[in-house]
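One structure is given here, and the rest of the page talks about it.
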Amino acid sequence: MKNFFSNFRGDLFGGITAGIVALPLALAFGVSSGLGPSAGLYGAIFISFFAALFGGTNTQISGPTAPMTAVSMVVIAGLVAVNDGSIEKALPAILIIFLLAGLMQIGLGLIGIGKYIRYIPYPVVSGFMTAIGVIILVTQILPSVGYYPKEDDEYVSQFKPMAEEIILENILKEEAGEGILVLEDFEETIERSKSITQEDMDKEARTLAKSEASGVLGTLKVLPRAMQNINWMELILALSTIAIIYGFKKITTTIPSALVALIVVSGVAYGFGLNYRPIEEIPSGFPVPNLEIFTGFKLSSITPYFFTALTLALLGAIDSLLTSVVADNMTKTKHQPNKELVGQGIGNSIAAIFGGIPGAGATIRTVVNINAGGKTKLSGMVAGILLLIILLALGPVASQIPAAVLAGILVTVGIGVMDYKGLKAIPSLPKDISLGPIKLSSEVIIMLVVLVLSSVWNLVYAVGVGLVIASLMFMKKMGDLTAERSDVKTLEHEKGWADEANFPKHLKEKVFIKHIKGPLFFGSTSEFQALANQIPRTASTVIIRMDRMQYMDQSGLYTLEDVLIDLLNSNIEVLLVDVLDQPRYMMERVDLIPDLIPKERIFNTFDECISYLNKKTVEQKAEASA
């Protein structure tokens with residue numbers, strides 16, 4: 001407890017400053033997610049407090065972040081669409097998925113996954129982060145110009161026939177589920193269809209219109225209509241917000257420019273009684289747990305989103321641990337990765353129960369905290385408490401913030417979150433693969449594939465595809481490298497290793513040496529087989545030098561077995577030199593040693609192997625002379 005309050009003054013200032021920076025972002029991310037500003041605020045409060053309390057990075061400030069919000073947006077949009085456009089109906093399932101993601105993070109921390117996060121390739125992370133920026137930037141164009149597709153009657157009208165079909169289909173599904181669907185007369189169907197009002201069809205059509213215009217592709221489809229229906233007041237508010245955010249940074253960075261823009265533009269809009277669109281109302285009072293996520297739990301409603309929850313968990317883990325590394329570099333400390341994952345999981349789980357969107361460690365907020373004097377976990381907890389106080393005291397005031405102001409803030413977030421370092425490196429990366437006459441960089445391909453697929457298709461699948469491509473590229477490179485460094489030549493035509501210099505001249509044409517330089521794994525087995533086939537059947541002995549083969553997988557093991565059998569069937573003696581521990585263990589497990597290669601044919605050094613060959617030559621000469 002003494003250490004907890006050892007830097008009370010610094011942690012207090014750090015937490016307050018970080019909380020102030022987090023406020024506009026929390027509101028903006030909540031609106032962007034589709035659950036409203038209160039969901040962003042609830043997420044910032046609970047994640048910041050509990051991730052700090054139970055986490056493994058003392059100065060970490062957590063809360064909703066751009067990547068987590070982008071994935072959450074997909075979950076929310078999908079579940080709202082299948083619940084007749086009703087957030088209220090979809091909310092329990094949405095929050096269960098967020099809760100599941102938090103529990104998965106706790107599990108990842110408990111089983112020690114934290115230390116493996118660093119193995120995700122940079123091109124995948126780069127493409128994903130740039131895609132997040134593109135998604136946020138593009139999807140905020142419509143609210144920035146004050147265009148909301150579901151409120152455009154002319155646009156909505158084209159979805160009314162489809163809305164009627166969906167409503168009828170739902171009636172038929174209900175009847176089939178109740179066992180009263182009678183195909184002969186459809187009497188019950190006709191009776192139920194009479195209860196459908198014009199208002200019901202209009203509501204369904206507006207839901208379809210909103211869904212069709214969502215995401216990057218949806219936004220681009222309706223962009224021409226949006227440009228013809230610009231609300232100039234909303235656009236001016238959004239542009240003013242963007243201008244203040246970038247302009248105020250040139251004056252000072254001590255005060256968060258996003259907060260200044262929020263207060264100034266909102267104050268002017270409200271004070272002068274401008275005709276603007278406010279954000280959704282933020283409920284007053286302490287957040288209340290949403291117990292319906294337990295009482296109304298249906299496994300079938302979340303099963304399709306299991307991997308999305310896992311993606312949220314992994315993404316939050318990556319986001320948080322990268323921020324932890326930044327914090328370590330600034331404070332010269334060492335975070336505990338697995339404990340940090342547990343803390344993030346607890347924070348996200350509790351936030352989900354109270355209706356908050358998920359989050360992770362936030363780099364900018366963490367840096368602000370450290371620069372303001374934060375050193376212990378108390379700073380993150382103070383940030384959460386500050387946001388709770390703002391919610392309780394200023395909730396009705398915050399409800400008057402123009403929606404266009406938050407859209408302007410998100411535009412700057414989208415621009416800032418893109419990985420410009422990775423984009424700038426594109427022209428200079430080595431072009432290591434060929435498609436016909438065209439040479440390309442494998443890392444650029446991975447980054448662009450993840451970027452494009454994440455932007456226009458699916459964030460979850462895009463990362464998976466990126467990881468698969470990156471893994472295949474890596475295996476191909478390792479296989480090529482191993483094959484390039486390995487060779488099968490007589491010493492007469494090859495410069496041998498240093499200890500092969502004194503190899504007996506009379507053996508140079510009969511004894512072949514196979515150098516294995518690097519791992520023998522499934523990515524290099526075909527090259528190994530091809531090289532082994534180069535050994536002429538006139539050879540009497542093959543020495544396989546394994547000094548530099550540190551690792552062999554099952555594919556490599558069975559390929560080696562096939563080569564050994566082939567050589568032995570050709571009456572070629574095989575000698576092994578310096579078999580390292582892991583390959584030897586693998587060979588002994590399937591009895592390659594001693595069934596195919598007796599232990600007396602395995603030597604610790606090349607000199608021992610030469611002594612064996614010399615002794616054998618002498619014995620053969622003696623037998624011949626006898």
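Those helices (runs of 4 or more DSSP H) of segment 85-147 in which 3 or more residues are under 29 Å from ILE346 (Cβ atoms) occupy 87-110, 122-139. SER526 fulfils the conditions (1) surrounded by 14 or more Cβ atoms within 10 Å (Cβ to Cβ); (2) of a type in the set (S, T, N, Q); (3) under 39 Å from the mean Cα position of the chain (by Cα) except for a single criterion, (1).
Looking only at helices (runs of 4 or more DSSP H) that lie completely in segment 150-241, which have at least 3 residues being within 35 Å of the chain's Cα centre (by Cα), modelled with pLDDT of 75 or more and closer than 24 Å to THR139 by Cβ? Break it down stepwise before answering.
Working: elements: 153-157, 160-178, 187-193, 198-212, 215-228.
In segment 150-241, 198-212, 215-228 are the helices (runs of 4 or more DSSP H) which contain 3 or more residues that are within 35 Å of the chain's Cα centre (by Cα), modelled with pLDDT of 75 or more and closer than 24 Å to THR139 by Cβ.
So is PRO24 closer than 20 Å to GLY296 by Cβ and either surrounded by fewer than 24 Cβ atoms within 10 Å (Cβ to Cβ) or not charged (D, E, K, R) (or both) or not? No; evaluated as a whole, the condition is false for this residue.
Residue under question is VAL460, and the condition is that it be crowded, with 18+ Cβ neighbours inside 10 Å, among the hydrophobic types (A, V, I, L, M, F, W, C), at negative phi and at pLDDT below 75; does it hold? Before the answer, list the steps.
Values: crowded, with 18+ Cβ neighbours inside 10 Å: yes; among the hydrophobic types (A, V, I, L, M, F, W, C): yes; at negative phi: yes; at pLDDT below 75: yes.
So VAL460 passes the test.
Checked against the criterion of being free of Cβ contacts under 8 Å to residues at least 40 places away in the same chain and either exposed (fewer than 13 other Cβ atoms within 10 Å of the Cβ) or in contact with a His (Cβ under 8 Å, 6 or more places away or on another chain) (or both), the candidates SER300, SER324 yield just one match: SER300.
Does ARG601 fit the bill of being among the charged types (D, E, K, R), under 42 Å from the mean Cα position of the chain (by Cα), surrounded by 11 or more Cβ atoms within 10 Å (Cβ to Cβ) and in the same structural domain as ASP566 (by TED's automatic domain parsing)? No; evaluated as a whole, the condition is false for this residue. Among the residues of segment 11-59, those identified as polar (S, T, N, Q) and not in a helix (DSSP H, G or I) are THR57, ASN58, THR59.
If you go through segment 26-52 and keep only what is in contact with a Lys or Arg (Cβ under 9 Å, 6 or more places away or on another chain) and within 20 Å of PHE286 (Cα to Cα), you end up with just SER48.
Scanning segment 121-170 for residues that are over 21 Å from LEU220 (Cβ atoms) and β-branched (Val, Ile, Thr), we see that the one that is surrounded by the most Cβ atoms within 10 Å (Cβ to Cβ) is VAL124. The numbered conditions (1) out of contact with any Pro (no Cβ under 7 Å at 6 or more places or on another chain); (2) touching a residue at least 60 places away in the same chain (Cβ under 8 Å); (3) not in a loop (DSSP other than H, G, I, E, B) are all true for ILE76 except (2). Of all residues in segment 466-477, those that are among the basic types (Lys, Arg) have Cβ atoms under 9 Å from Cβ atoms of residues that are in a helix (DSSP H, G or I) and surrounded by 14 or more Cβ atoms within 10 Å (Cβ to Cβ), 6 or more apart or on another chain, in LYS476/SER442; LYS477/SER442.
The values are calculated or read from the model by the stated rules, or taken from the named source; none is laboratory data. This structure is a prediction, so every number in the text was calculated from the model and none was measured. When we count neighbours, we look across all protein chains shown, and the Cβ atoms used for this are built from the backbone with ideal geometry, even at glycine.
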